[in-house]
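Bear in mind these aren't lab numbers, they're just calculated from the coordinates by the rules spelled out. Small disclaimer: the values here were computed from a predicted structure and weren't measured. Cβ placement follows ideal geometry from the backbone for every residue including glycine, while neighbour counts extend to all protein chains displayed.
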Amino acid sequence: MKIDSHERAAMECAKEHALAYLDSLDKAPVNATVSLAELRRRFVHALPTEGTDPVTIIDDLAVGVADGLIGNAGGRFYGWVIGGGLPSALAADWLTATWDQNAGLYACSPAAAVVEEVCGEWLKDVLGLPASASYALVTGCQMAHVTCLAAARHAVLSRAGWDVNRDGLGGAPRIRIITSSEVHGTTTRAAKLLGIGTANIVMLPSDAALHLTPDTLREALARESGRPTIVVLQAGDVNCGAFDPFPELIALAHQANAWVHVDGAMGLWCNAVPAMRHLLAGAEGADSWATDGHKWLNVPYDCGYAFVAHPQHHRAAMEHRASYLLHATEVRDQLDWTPEHSRRARGFATWAALRELGRAGLADLISRNCRQAHDLVTRIGALPGARVMRVPIINQGLVRFLDTSTSATEGDHDRRTDAVIAAINASGEAFFTGTTWRGMRCMRVSVSGWRTTTADVDRAVTAAAEVLQLPTLEVCVTS
Ligand SMILES: *Cc1c(COP(=O)(O)O)cnc(C)c1O
């Protein structure tokens, strides 16, 4: 039976809205301009009794959300760390939704399982990870941490003679996580989800280069030397993109029988660029790694990757068997490696993105975004009333805006910084977000979108210059 005209019309309608949206990205404001009250007025209604024609629904949705979307699919977005979607990855993602595969088991979608196998191998290759590592495609780096740290928990507790799968954590030796002050909050959250607890996270101070130093780690490891220990290192921290010195730190951790996990949400991608590979030297010696597909690889949300050097612990932490399922023996059933049961076939978009870029295109994307971040930070930081706080090591850097009155305090500079960020965003020309770094408010500059051009960078610098020339910053917050 062919699809009927209503169904076809709904898909055509969605396609037209999608293309019109992509066409508008260069001109439309990057920020959302609609108020919360107006969004609620449009959407918050009682659930209707009668159904509605699909085309009307898609039209209503596209029109209703338009000025409430943030333009991170475009080239002028530098907030948080949010990449766009490469054309083939976006198109493959449309098909993924259309095919509606449950990619938990080979039996549920043989094609999805095999495409994920290819993704796993390609990703280990481009990220410089051991070919023998196991992998999982998950929803983001957060769940990649949970997956990797679940494997770590299994490993460090089995070394202490404890079976966490059978006996849980009650009465188990208390695991500790040792990391640096640059750690991302998703590691803390993974520790909570896994029952490790935030009181068991030791956050060591990093040095001026934002590195965890071997001396600091050595001392911390020695403090309770018998305790099951996981060391979490940074490959590109979220504010400045700093990389821990892997060879020394991993050797120390392994001497102490600890598991080493690397947060490489952004930084692992630097392996794609030969001239940046030194940043990751030694990282391949860790026990697990987490990164994102939806940030720098420019796969649509949501997509992250977990890798584990010890497949037996990864599998022991995730494996799932049930008599009604159909478990494969010759190929990989994804649910043996992922925290989810039923799941989206994320491999299709990842496979498409990696093919669209190829090794050369990926290297070009990574190095181009790093150059653009450097230009944004140094050019905006050179404007009157601005100060460069951190030149990017890779694709993130920090700028602070100063209150120029003579008696200005750090608090005044903090307020000025937040006001300048809000005013740049209100211009619709570029979008940045703030952070508190070493006690000071700063504007984060993060570039990870494939669409960003030199002209986009120029527009952001111009927007910042115009804001800095305004006599006062009265940012109007609509509600
Ligand atoms: C974004 C980010 C995460 C979390 O990734 P999600 O994809 O948002 O789950 C973890 N670590 C770092 C360094 C990040 O930048």
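Could you give log10 I(q)/I(0) at q = 0.27 Å⁻¹ for the range 138-192, computed by the Debye formula over C-alpha point scatterers of equal weight, without solvent?
Result of the Debye calculation: -1.12.
Work out the length of the dipole vector of the chain about its Cα centre, built from +1 on the beta-carbon of each Lys and Arg and -1 on the beta-carbon of each Asp and Glu, and round it to the nearest 20 debye. Present the calculation step by step, with values, prior to reporting the outcome.
On the way: 42 positive and 51 negative charges, 192 e Å.
Dipole magnitude for the chain comes out near 920 debye.
Could you state the number of Å between the C-alpha centres of the range 122-155 and the range 340-356?
If we compute the Cα centre of each part, the gap is 15 Å.
Find how much the distance from residue 391 to residue 20 grows on full extension, using 0.36 nm per residue of separation minus their present alpha carbon separation; answer in nm with one decimal. Don't jump to the answer; show the numbers that get you there.
Working: separation 371, 0.36 × 371 = 133.56 nm, distance 3.66 nm.
Stretched fully, the residue 391-residue 20 segment lengthens by 129.9 nm.
Which FRET efficiency value, to the nearest 0.05, is calculated for residue 102 and residue 59 with the Förster distance at 51 angstrom and r the Cβ-Cβ distance?
Working: r = 30 Å, r/R0 = 0.59.
Approximately 0.95, to the nearest 0.05.
Based on the Cβ-Cβ distance from residue 454 to residue 66, what FRET efficiency comes out when R0 is 25 Å, to the nearest 0.05? It would help to have the intermediate numbers written out before the result.
Numbers: r = 28 Å, r/R0 = 1.12.
E between residue 454 and residue 66, to the nearest 0.05, is 0.35.
What number, in percent, do you get for the relative contact order of the chain if the mean sequence gap of Cα pairs under 8 Å and at least 6 apart is divided by its residue count?
Numbers: 922 pairs, mean separation 104.6, N = 479.
This gives 22 percent for the chain.
Give a quick list of GluC sites (Glu not before Pro) in the range 412-479 that DSSP marks as loop, anything other than H, G, I, E or B, with at most 11 other Cβ atoms within 10 Å. Intermediate results must be reported in sequence, preceding the final value.
Working: sites: 429, 466, 474; in loops: 429, 474.
Hits after loop and neighbour filter: 474.
I'm a student and want to see the number: the projected area of the Cα convex hull of the range 399-479, averaged over all directions, in nm². The partial results should precede the final answer.
Working: hull surface 25.6 nm².
Over all viewing directions, the range 399-479 projects a mean Cα-hull area of 6.4 nm².
For 295, 27, which order do you get if you count the other beta carbons within 10 Å of each Cβ and list the fewest first?
Working: 295 24, 27 8.
Lowest to highest Cβ neighbour count: 27, 295.
Viscosity 0.692 mPa s, temperature 37 °C: Stokes-Einstein D of the range 102-344 from its Kirkwood Cα radius, in µm² per second?
On the way: Rh = 18.1 Å.
Estimated diffusion coefficient is 182 µm²/s.
If I histogram all Cα-Cα distances within the chain using bins 10 Å wide from 0, what percent of pairs lands in each bin?
P(r) over the chain, rounded to whole percents: 4, 18, 26, 26, 18, 7, 1, 0.
What's the ranking of 256-269, 301-314, 94-107, 28-41 by average number of surrounding C-beta atoms within 10 Å, highest first?
Highest to lowest by the protection proxy: 256-269, 301-314, 94-107, 28-41.
Among 326, 9, 147, whose Cα sits farthest toward the positive end of the charge dipole of the chain (+1 at Cβ of Lys/Arg, -1 at Cβ of Asp/Glu, about the Cα centre)?
After comparing all options, I get 147.
Fewest first, what order do 178, 70, 57 take by the number of other Cβ atoms within 10 Å? Working shown, then result.
Values: 178 27, 70 16, 57 13.
Lowest count first: 57, 70, 178.
Treat each spin label as a single point 7 Å out from the Cα along the C-beta direction, and report the residue 95 to residue 125 distance in nm.
Rounded to a tenth, the inter-label distance reads 2.0 nm.
Working only with C-alpha atoms, what are the Rg and Dmax values of the range 1-116, expressed in angstrom?
When restricted to the Cα atoms of the range 1-116, Rg and Dmax are 17.5, 47 Å.
Once you list every other residue whose beta carbon is under 14 Å from the beta carbon of residue 112, what net charge do they have if Lys and Arg are +1 and Asp and Glu are -1?
Numbers: positive: 332, 343, 344, 346; negative: 93, 100, 116, 117, 333, 340.
Local charge sum for residue 112: -2.
Once you list every other residue whose beta carbon is under 11 Å from the beta carbon of residue 72, what net charge do they have if Lys and Arg are +1 and Asp and Glu are -1? Before the final figure, lay out the partial values.
Numbers: positive: 76, 295, 451; negative: none.
Taking every other residue near residue 72 into account, the sum is +3.
Rank 266, 106, 185 by how far each Cα sits towards the positive end of the charge dipole of the range 102-344 (+1 on Lys, Arg Cβ; -1 on Asp, Glu Cβ) and give me just the farthest.
Of the listed residues, the answer is 185.
Obtain the nm distance between the two label points defined at residue 11 and residue 40 by a simple spin-label model: each point lies 7 Å from its Cα along the Cα-to-C-beta direction.
Rounded to a tenth, the inter-label distance reads 3.9 nm.
Over the alpha carbons of the range 323-479, what is the largest minus smallest coordinate on each principal axis, giving the biggest first in Å?
Principal extents (Cα only, largest first): 73, 36, 31 Å.
For the range 236-279, what's the relative contact order in percent, using C-alpha pairs closer than 8 Å and at least 6 residues apart?
Values: 22 pairs, mean separation 17.9, N = 44.
For the range 236-279, the relative contact order is 41 percent.
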